[in-house]
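**Student:** Below you will find the structure I want to go over with you.
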Amino acid sequence: MNSSKDRLWTAAFILDTVVNLLIYLIYYLLMVIITVVAKDNLQASLAEAGLASGIFILGTLVARLLAGRFVEEYGCKKMLYAGLGIYLITTVFYFYMPNLWVLYVVRLLNGIGYGVASTATSTIVAAIVPASRRGEGINYYGLSTSLAAAVGPFLGMLLINLTGFYFIISLCVFLIVLCLLGTMGIQFNERALHNDAAEERHGMRISDYLEPLVAPIAIVGLFMGFCYSSVLSFMAAYAREINLVEAGTFFFVVYAVVITVTRPLLGIVFDRKGENFVLYPCYIALAIGLWLISTAQSSAALLWAGVFVGLGYGTFMSNGQAVCVKLVPLNRVGVATSTYFITLDLGLGVGPYMLGFVRPSLGFSGVYDVTAVVALGCFVLYYLLYGRHVGKPSQDMVQGETGNAVDHDAADVALCGKEQAQH
């Protein structure tokens, strides 16, 4: 084994992971407070405030559809700079919010910047991580996303009470500037497409923007995002309703601790035992966590729910991405990653809107019961669409044709030879 080739903790890997952490931290921090701000500062109704939250996801979806292709065409680093630039400018515009329509436009454009930047960082990490340590590396990288999903809401709920909206926006602007500085230090070999592949991209084809090979895991991701949206959007209000505000705040801290401890181990398990060994338990864990939330009558119960939600959704986020990278060749990683996060974000965006309709009749407790059932449904859906095919000759053949470790190494060698010839 070539130890230098299999080295994981490079400067580029660390910087890309930290930049990704900050990008997602800003997203989750603003997501959890924007409905409160819309209601308090702009006198929005609950539905209008929900739209202010959800329209961000619409911008993200548009960006991810385009970013997957443009990352291949223009390069990961250029797209990361572009995404961060849009993210920075639109975040500054939060200082000017005279009415709801301005907020909607800012949220939409902010989502575009976030979508482009986060797709670029996810593609960069796939190019940096050694093929032999892909599951481990992406799990470490995915830890940044899951930590942001935990710390962001916690910070948002804390700062909106201790400081105010404009302080939070100033903090977000500062963090994006740090992202731009960190991006300058990310050095790696961009994997350019061959000219004939670029010619094949002319025209409008669905495969230019979505990767069909990752459709099974992406569809599961849609429903997993739907389930977690109930936690992200309603936890603050639900905790008030059941008089567990402090526990509701620390729910996300518990979530963060769980994924911090388990992520590195699960990445190794993914590489050695395969995806089924990791993913099947995560659907059951998420269902248990959501059920515990629906029945919580004490702080301990709510915090235990944070443990199981972390083991469930936190595990799925990065390992679902690792499956996507496993299934495609290097020149399709950008589109594959984009496709995966499109469905995940779609579930997060549509979930609050749909669940908001049933909340008046079922209550918050009923909402979490519904999402617990959906999480169990994800277990079945995963088995039918993907899990039962893992390890079969047909699936091995697909991986052999599209991007297992050997194929990635061969592509790297061929590309290096081409780059040396050009220089």
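Taken together, the values in this text are just the output of simple stated rules run on the coordinates, not laboratory data. Because the structure is a prediction, the values reported are computed rather than measured. Cβ atoms come from the backbone with ideal geometry, glycine included; neighbour counts cover every protein chain shown.
**Student:** Before anything else, pin down the relative contact order of the stretch 59-169: Cα pairs under 8 Å, at least 6 apart, normalised by residue count, whole percent.
**Tutor:** Once normalised by length, the contact order is 33 percent.
**Student:** Take the alpha-carbon centre of the stretch 90-104, take the same for the stretch 132-152, and report the distance between them in whole Å.
**Tutor:** 31 Å
**Student:** Sort out the exposed loop trypsin sites (Lys or Arg not before Pro) in the chain (DSSP loop, at most 12 other Cβ within 10 Å) and tell me the longest stretch that has none.
**Tutor:** 206-423
**Student:** What's the longest piece of the chain with no exposed chymotrypsin sites (Phe, Trp or Tyr not before Pro), counting a site as exposed if DSSP puts it in a loop and it has at most 11 other beta carbons within 10 Å? Before the final figure, lay out each step's value.
**Tutor:** Numbers: sites that count: TRP9, TYR96.
Longest gap between qualifying sites, sites excluded: 97-423.
**Student:** By counting other Cβ atoms within 10 Å of each Cβ, how are ILE55, ILE23, ILE284 ranked from fewest to most? If you can, show how the numbers build up before the last one.
**Tutor:** On the way: ILE55 20, ILE23 25, ILE284 16.
Listing ILE55, ILE23, ILE284 from fewest to most nearby Cβ atoms yields ILE284, ILE55, ILE23.
**Student:** Would you calculate, for the chain, the mean residue ellipticity at 222 nm contributed by helices, counting each DSSP H stretch of 4 or more residues as -39,500 (n - 2.57) and dividing by all residues, to the nearest 500?
**Tutor:** Here the helix-only value at 222 nm equals -28500 deg cm²/dmol.
**Student:** A follow-up question, please. Over the stretch 78-141, what number does the Rg to Rh ratio reach, with both radii from the alpha-carbon atoms and Rh per Kirkwood? Intermediate values should be presented prior to the final figure.
**Tutor:** Numbers: Rg = 15.8 Å, Rh = 13.2 Å.
With Rg and the Kirkwood Rh in hand, the quotient comes to 1.20.
**Student:** In whole Å, how far is the Cα centre of the stretch 170-187 from that of the stretch 302-322?
**Tutor:** 28 Å
**Student:** Helices from the chain with mean Kyte-Doolittle at least 1.6 and a Cα length along the axis of 30 Å or more, per DSSP H: which?
**Tutor:** 11-42
**Student:** Which residue, chosen from ALA237, GLY351, ALA301, occupies the Cα position most advanced towards the positive end of the dipole of the chain, where the dipole is computed from +1 (Lys, Arg) and -1 (Asp, Glu) charges on Cβ about the Cα centre?
**Tutor:** Among ALA237, GLY351, ALA301, the one farthest towards the positive end of the dipole of the chain is ALA301.
**Student:** Which one of LEU159, PRO130, TYR74 has its Cα pushed farthest toward the positive end of the charge dipole of the chain, where Lys and Arg give +1 and Asp and Glu give -1 at the Cβ?
**Tutor:** Checking the options against the dipole of the chain, the answer is LEU159.
**Student:** Would you kindly work out the equivalent ellipsoid of the chain from its C-alpha gyration tensor and give its semi-axes, the square roots of five times the eigenvalues, largest first in whole Å?
**Tutor:** The equivalent ellipsoid of the chain has semi-axes of 34, 25, 19 Å.
**Student:** Let me ask something else. Looking at the chain, how many pairs of lysines come closer than 20 Å at the Cα, when each pair is eight or more places apart or spans two chains?
**Tutor:** Lysine pairs meeting the criterion: 5.
**Student:** Also, I was wondering about something else. May I ask for the equivalent-ellipsoid semi-axes of the stretch 1-97, computed as the square root of five times each C-alpha gyration tensor eigenvalue and listed largest first in whole Å? Walk me through the numbers before you get to the answer.
**Tutor:** On the way: eigenvalues 236, 50, 29 Å².
So the three semi-axes of the stretch 1-97 are 34, 16, 12 Å.
**Student:** Let me ask another. Considering the chain as a Gaussian network with a 10 Å cut-off on Cα pairs, which listed residue, GLU241, GLU48, GLU211, attains the greatest mean-square fluctuation?
**Tutor:** Of GLU241, GLU48, GLU211, the Gaussian network model singles out GLU241 as fluctuating most.
**Student:** Could I ask something else about it? Based on C-alpha coordinates, I'd like the Rg and Dmax of the stretch 292-362, in Å.
**Tutor:** 16.6, 50
**Student:** Then there is this: Can you tell me the mean projection area, over all orientations, of the convex hull of the stretch 232-279's alpha carbons? Units nm², please. Numbers along the way, then the final one.
**Tutor:** Values: hull surface 16.7 nm².
Quarter of the Cα hull surface area: 4.2 nm².
**Student:** Express the relative contact order of the chain as a whole percentage, based on alpha carbon pairs under 8 Å and six or more residues apart in sequence.
**Tutor:** RCO, the chain: 24 percent.
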